[in-house]
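Structure, as structure tokens:
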Amino acid sequence: MPNRSPAPLLVLIGFMGAGKSTLGRLLARQLACPLVDLDSEIARIHGPIPELFASRGESGFRAIEHHQLDHILPGLARPAVLALGGGAFLQPANRELLDRHAATVIFLDAPFEVLYSRITDSTQQRPLAGDCDRLRRLYQQRRPTYLLAHHTLDASGGDPEAVLTSLVHLANRLGVSAPARDTL
Ligand code: S3P
């Protein structure tokens with residue numbers, strides 16, 4: 001995918017449990033720029049995601065997800081951070097939208113076992129996170145597409161601050177500098 005944004009839109013992608021929302025929040029705070037969490041926006045407008053899956057099925061959720069991404073992208077400031085849900089980047093139409101808006105896509109990568117233990121430890125309800133074998137297959141199917149991102153960062157460590165440091169370095173290389181601060 002071409003990467004041509006002068007003040008980038010940093011888009012975090014990856015499997016469930018990769019830390020997209022947490023790191024998105026930390027990164028936006030560190031860079032003092034806006035954050036949009038696509039799933040939070042969807043939930044704010046349409047209600048909880050598990051209920052959307054139950055009432056409209058996965059295809060109904062994907063249609064809402066695409067519509068919401070299409071709606072959000074034109075109005076986003078640069079720089080900004082956008083955290084996507086784990087399935088959003090898998091939809092070709094969403095990848096086209098990100099490309100059209102010259103987004104810089106960052107894949108937060110981690111082995112399945114690490115992600116699975118985070119998913120099972122979390123209280124967050126995830127409609128697709130049922131059976132371990134099914135989830136592993138989904139991970140294996142999806143990972144080659146995640147690797148189409150412009151950048152891949154290792155997000156397997158337990159300390160989000162370490163990944164945050166890598167993200168901030170990457171943002172610096174892309175021309176976004178964090179304002180001087182004593183603490184996060
Ligand atoms: C999904 C991941 C979820 C959420 C929805 C579908 C997926 O977001 O968008 O349940 O298809 O992987 P997280 O990746 O933040 O859990």
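Every number in this text was worked out from the coordinates using simple rules, so none of it is lab data. The structure displayed is predicted, hence computed values, not measured ones. Note that we place each Cβ from the backbone using ideal geometry, even for glycine, and neighbour counts take in every protein chain shown.
For residue 85, state whether it is in a loop (DSSP other than H, G, I, E, B) and within 14 Å of the ligand (Cβ to nearest atom).
yes
Identify the residue in the stretch 156-184 that is in a loop (DSSP other than H, G, I, E, B) and among the β-branched types (Val, Ile, Thr) and, among all such residues, is nearest to the chain's Cα centre (by Cα).
176
Of these, 138, 148, 153, which one is part of a helix (DSSP H, G or I) and surrounded by 12 or more Cβ atoms within 10 Å (Cβ to Cβ)?
138
Of all residues in the stretch 1-60, count the ones that are part of a helix (DSSP H, G or I), under 21 Å from residue 152 (Cα atoms), within 13 Å of the ligand (Cβ to nearest atom) and touching a residue at least 60 places away in the same chain (Cβ under 8 Å).
4
If residue 124 satisfies all but one of (1) surrounded by fewer than 15 Cβ atoms within 10 Å (Cβ to Cβ); (2) assigned to a helix (DSSP H, G or I), what's the number of the condition it fails?
Among (1) surrounded by fewer than 15 Cβ atoms within 10 Å (Cβ to Cβ); (2) assigned to a helix (DSSP H, G or I), the lone unmet condition for residue 124 is (2).
Answer yes or no: is there a residue in the stretch 91-113 that is surrounded by fewer than 14 Cβ atoms within 10 Å (Cβ to Cβ) and either in a strand (DSSP E or B) or of a type in the set (S, T, N, Q) (or both).
No: zero hits.
Residues 109, 159: which one is free of Cβ contacts under 8 Å to residues at least 24 places away in the same chain, closer than 18 Å to residue 26 by Cα, more than 13 Å from the ligand (Cβ to nearest atom) and among the acidic types (Asp, Glu)?
159
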